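Below: one structure, written as structure tokens.
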Amino acid sequence: MNINYAGKRIAHLCVSALMMSILLLPVQAAEHVPVPIEKPSIVAYARVPVPSIKPNINVETALNVTHKVTFKSMTLNLASLFSIEKAKNYPNGYMALSGEQAKRYAGIFEAQALGNMARADDLLNKIRDKRLMGHVLYQRYMHASYKTSFSELQSWMAMYADYPGADKIYKLAVSKQGSDRQAVLVKARNGRILSQINEPTIYHPKKYVSQLDRLDAQKQAVHDLFSQVRGLIRSKGALEALTYFRASPARAFMDDVEHDTLQAKIAAGFLYRGRFESAYKLAGQSADRSGKYVPHASWIAGLALWQQGKFVSAASYFEKSGCSAYASGWLASAGSYWAARSYKRSDNQGAYRSSLVKAAQHSRTFYGLMAAHTLKQKLDFNWDVPEYSNQHEALLLDSNIGKRVFSLVAAGQYDLAEGELMRLNYKGHPELSRAVLAYASHVGLPGVALRLGNMVKRGKNTYYDSALYPVSPWAPKDGYRLDPALVHAVIRQESRFNLQATSYSGAIGLMQIMPKTAQYVADTRNYPEKLDMSKLRLPEMNMKVGQDYLEYLLKGRYVKGDVVSLLVSYNAGPGNLLKWRKRMGDNRDPLLFIEMMPVHETREYVERVMSNYWIYRLRAGLELPSLVALSSGKAPKYAHVMQAEYPYKLAANQ
């Protein structure tokens, strides 16, 4: 790869990162290849649009339509970052990385990521500006193909101990130190890590704390009982768990709420095995005694009664779970929405509407969005971002971290720039938080924007939705073929836009792809190049593989264009999808199917990704046919149809 090629490739990536218009190409997926069983990973006040004409297309048609999407309030202008001559005077003595040097650094990072150290060395010989060498050497020393020495690691720690990843370099250095324990090895000086996402626009429940005065041994016994019962439910079933629970002496150390919390978990085990009477007996008992504090018990009792056709009784339990201060916004909206469904079945229109209003109060959740649509309510999404000012720039460049970030962004290394910004101390520094959020939104750092979007308020009790639902600066290699809103929805849930995300099960990158699944996709789609793990960590390739797998599932014989089934398959595997469908029998209620899946992670995954999907489509100004279908009790078919009112746009805020 020569310098001109590297420059053209980087410029292409930046243009694609604008996401101002996304062209979806025809899908080519093989129907006859067997589906793998393994899972791949364990405008303000805009009205929810309703299609004027009901979509009536099959999945083949939907996938082969050309689309263009514009996300609102995009401020990315990344192409200018690579201009050869950049005439701008920066504050605090910062000198911009030249376009030529930025391209070379980008080529070095790419070559090293692929294990091509010889190519990287050729480019390193042409680097005059050494400011990013700490990151270059870190990438090299930590690459699986490079055999580093203790002296190299020791030198790195002496110069870059405050860099992201210094703790990993230190640990590696200690392992290579051998018998020479007298050698000086500087310890890592890593800063704070920016907190994870807490969804500030979604209600966080109160947490129950027992007031019993217990000995430490008694507290431990109660803790162990919870763990043992949960394990038995998974391994041997609810009946074994109930027998063990009732015989345990640790029950004597529990208060009523703790007892009913654990009993409700056992009741859920019966529910998901189809034993509805046993589930109601236990859950109803817990809900009647501790429903205020254990909304999960009321929820399980409501589902058990619904399955028995006892809608009037089910409604009262659903309502109780929806009204509890100890229920999250997700559970509260679910309880209220299912209460509305129950009241509708029992022909109580007044209570039906009242429950929908309660559900719609949680307007960022799966059931809250459907309730708002049913009520034809306006949604208070805002897509503006904090203005990026000269004062913000000066504040950022007042630190070494900020200066490194500017250079990393110039070289297209967004993940490394985010790693630096994650370590700033934002506590007690609201102006710094706002400055970094404005910068992250300005240049396209979605991981940082998402996390800071949880901290920086737009106004009283409002946040920046453009930060909470950020736009990726990367695109799949060879472009989008699926709805970009769907791809974004999956990434937001899978990795929170963290390029370096790796799960405990080995899933990698933005879309959390398992290596075996990636290889299967590469073989199925006849990739022209070998797909090794170093390539899978590149964002464009990771998104390509994830999109290809979604396409493949979407057209497969198990999913057949159903978006809920697609997400179940992506999270839990097509084998589990088929198994859970068989348990449902002839019942085709898609919402009941979601709630009756026995794996909590998959139920949560489907609802989170669906709500993400709808919100990203709102940001793009698109209609919500899948929401319309689900709120009508119908399976949500994939249908992303281009409309004339979505014009082709190239840039914003130039």
| Of Val609, Val563, which residue is under 26 Å from Tyr480 (Cα atoms), touching a strand residue (DSSP E or B) at 6+ places or on another chain (Cβ under 8 Å) and not acidic (Asp, Glu)? | Val563
| message | I need the full set of residues from the range 420-435 which are under 23 Å from the mean Cα position of the chain (by Cα), of a type outside the set (D, E, K, R) and either assigned to a loop (DSSP other than H, G, I, E, B) or surrounded by fewer than 24 Cβ atoms within 10 Å (Cβ to Cβ) (or both), in order please. | response | Met422, Leu424, Tyr426, Ser433
| query | Within the range 478-496, is there a residue that is in a loop (DSSP other than H, G, I, E, B) and surrounded by fewer than 16 Cβ atoms within 10 Å (Cβ to Cβ)? | reply | yes
| query | Quick one: would you say Arg289 is at pLDDT 95 or above and over 30 Å from Gln211 (Cα atoms)? | reply | no
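Report, by residue number, each residue of the range 156-167 that is in a helix (DSSP H, G or I) and either modelled with pLDDT under 95 or among the hydrophobic types (A, V, I, L, M, F, W, C) (or both).
Those that are in a helix (DSSP H, G or I) and either modelled with pLDDT under 95 or among the hydrophobic types (A, V, I, L, M, F, W, C) (or both): Trp156, Met157, Ala158, Met159, Ala166, Asp167.
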| request: Could you grab the pairs with beta carbons closer than 6 Å, sequence gap of 6+ or different chains, first residue in the range 608-626 and of a type in the set (Asp, Glu), second one not in a helix (DSSP H, G or I)? | output: Glu623/Pro49; Glu623/Pro51
| query | Tally time: how many residues in the range 142-181 are under 34 Å from the mean Cα position of the chain (by Cα) and of a type in the set (Gly, Ala, Ser)? | reply | 6
| query | For the subset of the range 343-366 comprising residues that are outside any helix (DSSP H, G or I) and in contact with a Ser or Thr (Cβ under 7 Å, 6 or more places away or on another chain), which member is surrounded by the fewest Cβ atoms within 10 Å (Cβ to Cβ)? | reply | Arg364
| request: Please determine, by comparing only the residues of the range 466-495 that are at pLDDT 95 or above and charged (D, E, K, R), which one is nearest to Ser363 (Cα to Cα). | output: Arg492
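Among Leu577, Leu554, Leu567, which is assigned to a helix (DSSP H, G or I), farther than 17 Å from Tyr638 by Cα and of a type outside the set (Ser, Thr, Tyr)?
Going through Leu577, Leu554, Leu567 in turn, the sole match is Leu577.
Taking Tyr352 as the residue in question, decide whether it is over 26 Å from the mean Cα position of the chain (by Cα), outside the structural domain of Val609 (by TED's automatic domain parsing) and either of a type outside the set (A, V, I, L, M) or farther than 17 Å from Thr374 by Cβ (or both).
yes
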| query | What do you reckon, is Tyr280 out of contact with any His (no Cβ under 7 Å at 6 or more places or on another chain), over 16 Å from Leu331 (Cβ atoms) and hydroxyl-bearing (Ser, Thr, Tyr)? | reply | yes
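Kindly establish whether Ser505 is in a loop (DSSP other than H, G, I, E, B) and touching a His at 6+ places or on another chain (Cβ under 7 Å). Before the answer, list the steps.
Values: in a loop (DSSP other than H, G, I, E, B): yes; touching a His at 6+ places or on another chain (Cβ under 7 Å): no.
No.
Looking at Ala252, is it surrounded by fewer than 24 Cβ atoms within 10 Å (Cβ to Cβ), in a helix (DSSP H, G or I) and small (Gly, Ala, Ser)?
In short, yes.
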| request: Filter the range 516-529 down to residues that are surrounded by fewer than 20 Cβ atoms within 10 Å (Cβ to Cβ) and either β-branched (Val, Ile, Thr) or farther than 18 Å from Lys477 by Cα (or both), then give me how many there are. | output: 2
| query | Within the bounds of the range 436-451, is there any residue that is closer than 20 Å to Met422 by Cα, among the aromatic types (Phe, Trp, Tyr) and part of a helix (DSSP H, G or I)? | reply | yes
| said: Being more than 33 Å from the chain's Cα centre (by Cα) and crowded, with 17+ Cβ neighbours inside 10 Å is true for just one of Leu271, Leu282, Leu262. Which residue is that? | reply: Leu282
| field | Members of the range 518-541 that are part of a loop (DSSP other than H, G, I, E, B), of a type outside the set (Lys, Arg) and under 21 Å from the mean Cα position of the chain (by Cα) | value | Leu538
| field | Close pairs from the range 170-195: first of a type in the set (Lys, Arg), partner surrounded by 13 or more Cβ atoms within 10 Å (Cβ to Cβ), Cβ under 6 Å, at least 6 apart | value | Lys176/Phe150; Arg189/Ala161; Arg189/Asp162
| query | Quick check: anything in the range 405-414 farther than 22 Å from Leu538 by Cα, crowded, with 19+ Cβ neighbours inside 10 Å and out of contact with any Gly (no Cβ under 7 Å at 6 or more places or on another chain)? | reply | no
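The values are calculated or read from the model by the stated rules, or taken from the named source; none is laboratory data. What you see is a predicted model; the values in this text were computed from it and never measured. Because the Cβ atoms are built from the backbone with ideal geometry, glycine has one as well, and the counts that use them run over all protein chains shown.
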